[in-house]
1. Which one of these is buried (at least 24 other Cβ atoms within 10 Å of the Cβ) and more than 30 Å from residue 118 (Cβ to Cβ): 253, 237?
2. I need the full set of residues from the range 304-324 which are more than 16 Å from residue 198 (Cα to Cα), in contact (Cβ under 8 Å) with a residue 12 or more places away in the chain and not basic (Lys, Arg), in order please.
3. Please name all residue pairs, on different chains or six or more residues apart, with Cβ atoms under 9 Å, provided the first residue is in the range 240-255 and is modelled with pLDDT of 95 or more and the second residue is of a type in the set (Lys, Arg).
4. Can you find even one residue in the range 125-145 that is touching a residue at least 12 places away in the same chain (Cβ under 8 Å), out of contact with any strand residue (DSSP E or B) (no Cβ under 6 Å at 6 or more places or on another chain) and either outside any helix (DSSP H, G or I) or within 18 Å of residue 30 (Cβ to Cβ) (or both)?
5. Is at least one residue of the range 12-34 assigned to a loop (DSSP other than H, G, I, E, B) and closer than 20 Å to residue 315 by Cβ?
6. Examine the range 33-42 for a residue that is among the aromatic types (Phe, Trp, Tyr), surrounded by fewer than 23 Cβ atoms within 10 Å (Cβ to Cβ) and touching a residue at least 40 places away in the same chain (Cβ under 8 Å), and state whether such a residue exists.
7. Kindly indicate which of 178, 120 is at pLDDT 95 or above, of a type in the set (Lys, Arg) and assigned to a helix (DSSP H, G or I).
Amino acid sequence: MYSIDQLQQKISNQLKSLPLYGEPSGLYKPITYTLEQGGKRIRPLFVLISNQMFGGNPDEALPAATAIEIFHNFTLLHDDIIDKAPLRRGFETVYQKWNTNVAILSGDTMFAIAYGELSKSIPELLPDLMKVFTKTAIEVCEGQQYDIEFEEQKEVNLEDYIRMIRLKTAVLLAASLKIGAMVAQAPLSEADKIYSFGINLGIAFQLQDDLLDAFGNQAVFGKQTGGDIATNKKTVLYLKAIELADSDTAAQLKKIYSNANNELNEKVRLVLGIFEKLNVRKVTEEIIEQYYHTAMSTLQQIDIPDERKNVLRDLANAMLKRDH
């Protein structure tokens, strides 16, 4: 079986071979800028790892893996506009480096390129792959819309939030695993199990992302610390803080989030102070552990030799042990 490093190299080589260096350069330069930033390429890795886990040939899954990576990066270009995020992976976001119109149009082009790459998959599997890919793309957009609406809603509960991150983040991780299994022609029941594993791991991963946004090291994490607080995102930390706070503290936190005149650094400082006071960090870590445990229990149920699961298990562990 290929190692994670070997699979990453396959993905990197495939992305470098894409004919994205044409004209107009104003359209394609932001795309190459985005794809050349690298990152861990978790989603395409999931495609290839799942594929070889079920006895497939990862080279046959490369078109789907490439499609998912390009689609994921398309969503980031648009998300960064919505979130007004200045940094992504430690680099200027595309709309900051160029402008909003360029980021929108380059993102749209990436969406089209993703479908073009998926179409290079094994022909007889393509209709089913397209169904999973398209359903997932729609769900990701649904999750993004819920995320936008939650910023304005006065009341959001944890169940609502989990549903949102399931759509916005987890379904793409889960679909990556399922598509890899499908290309390996795994039984549908096993492909569904690996999808369920991905959903629970994806929720844990996003909750960890929320935690790192508040308490992470910006130099390591690659994104602006406190960005969720700055944009009034009602993440798991905020929701648990409201739940655990006394009435005065809850009212204070809601006031900070509703006051558009707060100086940004002061706003972040005040909110983090409340989070620390209520021990929200530890509570969030416990929720993350619950979803991670459910994911691992599902992985254990998949009917293949346990040693074939080691690469996926190692990657899942690494995902949830990112630097704080």
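1. Working: 253 fails: buried (at least 24 other Cβ atoms within 10 Å of the Cβ).
The unique qualifying residue is 237.
2. Quick first cut of the range 304-324, residues more than 16 Å from residue 198 (Cα to Cα) only: 304-308, 321-324.
Then drop every residue that is not in contact (Cβ under 8 Å) with a residue 12 or more places away in the chain, which leaves 304, 308, 322-324.
Listed by number, the residues that qualify are 304, 323, 324.
3. 241/277; 242/234; 242/254; 245/277; 249/277
4. No, the range 125-145 contains no residue that is touching a residue at least 12 places away in the same chain (Cβ under 8 Å), out of contact with any strand residue (DSSP E or B) (no Cβ under 6 Å at 6 or more places or on another chain) and either outside any helix (DSSP H, G or I) or within 18 Å of residue 30 (Cβ to Cβ) (or both).
5. As a first pass, look at the range 12-34 and keep what is assigned to a loop (DSSP other than H, G, I, E, B): 17-24.
Filter again for closer than 20 Å to residue 315 by Cβ, leaving none.
The answer is no; no qualifying residue exists.
6. Start the filter on the range 33-42 by keeping residues that are among the aromatic types (Phe, Trp, Tyr), which leaves 33.
Narrowing further to those that are surrounded by fewer than 23 Cβ atoms within 10 Å (Cβ to Cβ): 33.
Imposing the further condition that a residue be touching a residue at least 40 places away in the same chain (Cβ under 8 Å) reduces the set to 33.
Within the range 33-42 (the criterion being among the aromatic types (Phe, Trp, Tyr), surrounded by fewer than 23 Cβ atoms within 10 Å (Cβ to Cβ) and touching a residue at least 40 places away in the same chain (Cβ under 8 Å)), the answer is yes, since at least one residue qualifies.
7. Details: 120 fails: assigned to a helix (DSSP H, G or I).
Going through 178, 120 in turn, the sole match is 178.
So that you can scan it fast, the table gives a plain yes or no per residue for (1) in contact with a Pro (Cβ under 9 Å, 6 or more places away or on another chain); (2) exposed (fewer than 14 other Cβ atoms within 10 Å of the Cβ):
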position: 50; (1), (2): no, no
position: 69; (1), (2): yes, no
position: 73; (1), (2): no, no
position: 85; (1), (2): no, no
position: 98; (1), (2): yes, no
position: 112; (1), (2): no, yes
position: 132; (1), (2): no, no
position: 152; (1), (2): no, yes
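The values are calculated or read from the model by the stated rules, or taken from the named source; none is laboratory data. Source: prediction; values computed, not measured. Here the Cβ is made from the backbone with ideal geometry for all residues, glycine too, and neighbour counts use every protein chain on show.
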